Amino acid sequence: SLAASAGYKCYLIYNPTTLDLAAFAHRDNTALSLPSGYTYYLYVGWMPTNGSSTLHQILIRGDTGNYKALRSLATGVAGAVTVDTDFDAVSVSGFVPASAIAIHVSLASQSVSIVHPNATGYYNNDSAVPPFLKCVSPGTLAAVMAWITLESTNLYWASNGAAGSLSCRGWRDNVNAG
């Protein structure tokens, strides 16, 4: 059975004695232990479960995984969009595999929301070093999407409106498939 709110690494495995090829999944926070006789394996992707132990609906093609529906990372007022050191850290663990090299995000706002791959040196009013991704929409809900190269297991965001939201659309994985 699948665990709730967990991630599973997916492999193709091969038994050279029986010439059997199979698919194999295991929890991504445990050491790989192959079934008896299977000595070759190839990592091909990652599958997360929801709180009910059901797999999220995703599409994996090559090194890219996309959720069928956006998954919320953070919402509401957070940090300060005018102070370059006042961002809220948002963990992406459980939304993307540990081996992910990039995350596809959606940033929505009815005022100002910004997101960065790190917590240093960017803010809303800095024209010399602009925010990585910024959504400005006075009064009307708007959204922007972008790929962000991950520098850690966190993104850093600020929003000055209750309608601000940061969501995960998908990821780019460091896999053998391409």
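The values are calculated or read from the model by the stated rules, or taken from the named source; none is laboratory data. The structure presented is a predicted model; accordingly, all values stated were derived computationally and were not measured. Reconstructed Cβ throughout: ideal geometry from the backbone, glycine too, with neighbour counts over all protein chains shown. Keep in mind that these areas ignore ligands, DNA and RNA; they rest on the heavy atoms of the full protein, side chains included. Shrake-Rupley method; radii C 1.70, N 1.55, O 1.52, S 1.80 Å.
Here is how the numbers come out for the structure above:
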{"read-out": "Calculated diffusion of region 7-67, Stokes-Einstein form, Kirkwood radius summed over Cα pairs, 37 °C and 0.692 mPa s, µm²/s", "value": "259"}
{"read-out": "Candidate residues 91, 109, 52, 36: accessible-area rank, largest first, probe 1.4 Å", "value": "36, 52, 91, 109"}
{"read-out": "Residue order for 68, 134 - accessible surface, 1.4 angstrom probe, largest first", "value": "68, 134"}
{"read-out": "Computed FRET value (nearest 0.05) for residue 4 with residue 31, which takes r as the C-beta separation and R₀ as 35 Å", "value": "0.95"}
{"read-out": "Cβ-based charge dipole, the chain, positive-most Cα from 19, 163, 2", "value": "19"}
{"read-out": "The chain - accessible surface per residue (Å², probe 1.4 Å)", "value": "51"}
{"read-out": "Carbon plus sulfur fraction of accessible area for the chain, probe 1.4 Å, in percent", "value": "52"}
{"read-out": "For residue 43, net neighbour charge (Lys/Arg +1, Asp/Glu -1) across residues whose Cβ lies under 13 Å away", "value": "-2"}
{"read-out": "Relative counts (whole %) of C-alpha pair distances in the chain, using bins that are 5 Å wide", "value": "1, 9, 15, 17, 16, 13, 10, 7, 5, 3, 2, 1, 0, 0"}
